[in-house]
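Asks: For reference, the structure I am asking about is given below.
All of the numbers you see were taken from the coordinates with simple rules; none came from a lab. Owing to the predicted nature of the structure, the values given are computational and were not obtained by experimental measurement. Cβ placement follows ideal geometry from the backbone for every residue including glycine, while neighbour counts extend to all protein chains displayed.
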Amino acid sequence: MIYLDYVSTTPLNKEVNQMYQSLLNDYFANADSLYSLGLQTSSLMEKSRSLIAQMLNVKPTEIIFTSGASESNNTAIKGCAFQYQNRGKHIITTAIEHSSVYNTCLQLRDVFGFDVDFISVDQNGHIDLDELKNKIRDDTILISIMYVNNEIGSIQPIDKIRELILNMNPKIKLHVDMVQALGKIPVDLSLVDMASFSAHKIYGLKGSGVLYKKESTTLVPLICGGQQENNLRGGTSNTATHIMFAKTLRLALEDQAQKFQRVHALNQYVRNELMREKDIVINSPIENCSPYILSFSAIGYKPEVILHALEAKECYVSTKSTCSSHKNDVSRTLAAMGVDDAIAKSAIRISFSHLTTQEEIDEFLYHLQTILKTIKKQR
Ligand SMILES: Cc1ncc(COP(=O)(O)O)c(C=O)c1O
């Protein structure tokens with residue numbers, strides 16, 4: 001099998017899996033129980049929180065365990081909007097956010113009456129800082145912008161966005177979806193008020209996430225209930241899962257720079273090979289782009305046909321963001337980049353891991369080239 005869809009999800013790390021299984025058996029007690037079994041579970045969970053905080057260079061009280069980045073994004077954006085709506089109801093985000101940010105902002109606009117600006121991106125998938133500057137108002141309370149785009153890999157200038165906020169309206173809260181950055185490129189949480197992370201993108205458990213929230217930021221909880229997660233997320237803690245996040249993160253941050261170099265070289269090789277094909281254009285930008293993601297379009301071909309032909313060779317890629325793969329429309333990211341309809345309609349995304357080998361890449365390229373020669377183009 002050649003798996004090239006690591007952006008969608010990653011295989012579970014064996015060490016994480018083993019430790020998780022034993023935690024499930026041995027530490028099942030409710031972390032809020034007052035007897036020693038509960039206290040043991042709770043202390044492991046708090047140790048995990050402290051380790052995560054240490055690795056991310058923040059305070060343990062700023063780490064909130066969630067069920068994944070979709071929940072982190074919803075909590076950050078709605079929690080912030082509801083908390084600060086007396087200051088204003090204007091939110092800025094981008095047209096290329098993951099659906100858990102994009103649709104949350106739509107909901108705030110359509111159901112709760114917030115005013116949302118979705119700023120555009122250039123042909124490389126990067127925001128225009130001047131456009132952002134022009135959109136910032138006195139009643140802007142939140143800016144939510146992703147760090148690494150999950151469809152093409154473009155990287156947004158978080159430091160410059162922070163600078164703009166400081167100069168124009170320092171009360172604005174900055175939320176950044178860092179899901180595709182964690183474990184791949186350095187993340188600097190001193191620049192943001194909130195950030196979202198997911199474990200299953202870094203070889204951890206599905207249904208496991210973290211929301212970083214600066215102490216100075218207050219959120220209205222989405223799930224009212226008990227005292228869990230500092231009153232921000234009611235419900236009995238999913239302790240074994242939360243405990244595993246620390247180990248998952250430690251493993252993901254190990255040798256990050258070397259892994260990056262390896263993946264960068266593989267990406268460069270695939271790019272060069274694909275550029276030789278006459279019907280292929282590369283959608284991922286060359287600069288300010290994560291090497292872990294490479295989007296290209298085989299113009300004139302239906303991407304689903306290529307995907308399934310590759311699948312028949314046990315080679316797994318995706319057409320666009322997996323969360324919107326069941327919709328028949330073109331990729332929202334590529335549409336926002338203003339690429340031709342023919343390009344937007346034929347996009348394929350491959351995504352790499354430090355585990356990806358040169359042999360796998362060569363085999364993938366061989367299959368792709370053969371498929372392009374044998375399947376029919378669309379009229
Ligand atoms: C950029 C980005 N944000 C958020 C998510 C949602 O993550 P989760 O599956 O943990 O809810 C994803 C996953 O597809 C993603 O790529």
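Asks: A 31 angstrom limit on the alpha carbon distance is what I want to check against. Which of Lys133/Lys302; Lys47/Lys133; Lys47/Lys78; Lys213/Lys247; Lys47/Lys214 exceed it?
Replies: Lys133/Lys302; Lys47/Lys133
Asks: Report the gain in length on full extension from Ala342 to Asp159: 0.36 nm times residue separation, minus Cα-Cα distance, nm rounded to one decimal.
Replies: 62.4 nm
Asks: Among Leu232, Leu166, Gly207, whose Cα sits farthest toward the positive end of the charge dipole of the range 157-284 (+1 at Cβ of Lys/Arg, -1 at Cβ of Asp/Glu, about the Cα centre)?
Replies: Comparing the listed Cα positions along the dipole, Gly207 ranks first.
Asks: So how strong a dipole does the range 262-322 carry about its Cα centre when Lys and Arg Cβ are +1 and Asp and Glu Cβ are -1, to the nearest 20 debye?
Replies: Here the size comes out at about 80 debye.
Asks: Then there's this: Between helix 256-275 and the chain, what is the angle of the helix's C-alpha long axis to the longest principal axis, kept within 0 to 90° and rounded to the nearest 10?
Replies: 30 degrees
Asks: Lys/Arg Cβ at +1, Asp/Glu Cβ at -1, dipole of the range 14-253 taken about the Cα centre: which of Val187, Val176, Ile64 is farthest positive-ward?
Replies: It is Ile64, whose Cα lies furthest towards the positive end.
Asks: Can you check what the net charge comes to around Leu166, using other residues whose Cβ is under 11 Å from the Cβ of Leu166 (Lys, Arg +1; Asp, Glu -1)?
Replies: Its environment carries a net charge of +1.
Asks: Express the C-alpha Rg of the range 14-253 as a ratio against the empirical globular expectation 2.2 N^0.38 Å, rounded to two decimals.
Replies: Rounded to two decimals, the normalised Rg is 1.02.
Asks: Next up: What's the FRET efficiency of Ile299 with Gln258 using the Cβ-Cβ distance as r and R₀ = 30 Å, to the nearest 0.05?
Replies: Approximately 0.25, to the nearest 0.05.
Asks: What does the extension gain come out to for Thr357 and Asn231, with contour length at 0.36 nm per residue minus their alpha carbon separation?
Replies: 40.8 nm
Asks: Anyone know which of Asn272, Asn74, Asn124 comes out most mobile in the 10 Å Cα GNM of the chain?
Replies: Looking only at Asn272, Asn74, Asn124, the largest GNM fluctuation is found for Asn272.
Asks: Simple spin-label model, 7 Å along Cα-to-Cβ: Asn167 to Ser22 in nm?
Replies: It works out to 5.4 nm between the two label points.
Asks: Nearest-5 percent of antiparallel DSSP beta bridges in the chain?
Replies: Roughly 50 percent of the DSSP beta bridges within the chain come out antiparallel.
Asks: A further question follows. Can you find, among Asn30, Asn134, Tyr102, the residue farthest towards the positive end of the dipole of the range 14-253? Put +1 on the C-beta of Lys and Arg, -1 on that of Asp and Glu.
Replies: My answer, from the dipole projection, is Asn30.
Asks: Quick check: from the Cα gyration tensor, does the range 263-379 come out rounded (a/c under 1.5), prolate or oblate?
Replies: Rounded, because the longest to shortest axis ratio a/c is under 1.5.
Asks: Taking the 0 to 90 degree range and rounding to the nearest ten, how far is the long axis of helix 239-253 tilted relative to the main principal axis of the chain, both from C-alpha atoms?
Replies: Roughly 50 degrees between the two axes.
Asks: Normalised by the number of residues in the chain, what is the relative contact order in percent for Cα pairs under 8 Å and 6+ residues apart?
Replies: Rounded, it is 23 percent for the chain.
Asks: Placing +1 at every Lys and Arg Cβ and -1 at every Asp and Glu Cβ, with all other atoms neutral, what dipole size does the range 78-199 have around its Cα centre, in debye to the nearest 20?
Replies: Approximately 380 debye in magnitude.
Asks: Something else about it: For the range 14-253, what is the charge dipole size about the Cα centre, in debye to the nearest 20, if Lys and Arg each add +1 at the Cβ and Asp and Glu each add -1 at the Cβ?
Replies: Charge dipole, the range 14-253, about its Cα centre: 460 debye, nearest 20.
Asks: Here's something else I'd like to know. With angles folded into 0 to 90 degrees, how steeply does helix 99-110 sit against the dominant principal axis of the chain? Use alpha carbons for both and round to 10.
Replies: 70 degrees
Asks: How large is the Kirkwood hydrodynamic radius of the range 191-283, counting all unique pairs of alpha carbons, in Å?
Replies: For the range 191-283, the Kirkwood estimate is 16.8 Å.
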